[in-house]
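Written out below as structure tokens is the structure these notes cover.
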Amino acid sequence: MARYKDEQCRICRREGCKLFLKGERCYSDKCALNRRNYGPGSNGQKKGKLSEYGTQLREKQKTRSYYGVGEKQFRKYFEMADNSKGKTGEVLLQLLESRLDNVVYRLGFASSRTQARMLVTHAAFDVNGKKVNIPSYLVKAGDVISVREIKKENGAIKQAIEANESRPVPTWLEKDAEKMTGKVVRLAEREDIDLQVEEHFIVELYSK
């Protein structure tokens, strides 16, 4: 899947909010959005009014960037949400939150979703005792995610756990930092998701 390879801080500046794409840097004074709270480029400080389509597109792009998902896969998630019970926009966010790479990040076993995706791809985690190396794997309530025994001395994982020690874990997850395990207590609900997005705009965009 194609990945955005330009400076990640530009994405946050373009969207006007923190998407936490660079781990610890996003929580520090070095965050580009703290220093330059306007869009990138020579016209970044000129704030024009977006059209209806432009607003819908920005909300979709913001959400895609936040979870690190490509367009084709994002549309697949939308179709899954559209065919499910409940509000399409909320189900869409729930599906994205249920990705294994996101859960690894939420548990604090990685400093960013990008790093979490890399660690999952390199088979650093088990789900219910079985190796899973697919970042898009969707977890379910009751699933137990654990750092594989042979990866417990991994420097990146240990550093992330130490750095995230004081950061709260979402209420829909449980974490045992000492055992390097986490459990999905329930699936995420809308109020659990801290992304500043109006998901109904995404639904409107794809429903045209």
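Every read-out reported here was derived from the displayed coordinates using simple, explicitly stated rules and does not represent laboratory data. Small disclaimer: the values here were computed from a predicted structure and weren't measured. FYI the Cβ positions are ideal-geometry reconstructions off the backbone, even for glycines, and counts take in every protein chain you see.
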Query raised in the report: Applying the selection to segment 104-113, what residues are part of a helix (DSSP H, G or I) and out of contact with any Leu (no Cβ under 7 Å at 6 or more places or on another chain)?
Result: Y105, R113
Requested in this report: Keeping to segment 142-164, report how many residues are free of Cβ contacts under 8 Å to residues at least 12 places away in the same chain and exposed (fewer than 13 other Cβ atoms within 10 Å of the Cβ).
Outcome: 5
Report task. For L187, state whether it is within 16 Å of the chain's Cα centre (by Cα), over 15 Å from S111 (Cα atoms) and touching a residue at least 60 places away in the same chain (Cβ under 8 Å). Result -> yes
Report summary line: When restricted to A177, A116, A124, the only residue of a type outside the set (S, T, Y), without any contact (Cβ under 8 Å) to a residue 60 or more places away in the chain, farther than 30 Å from V203 by Cα and touching a helix residue (DSSP H, G or I) at 6+ places or on another chain (Cβ under 6 Å) is A124
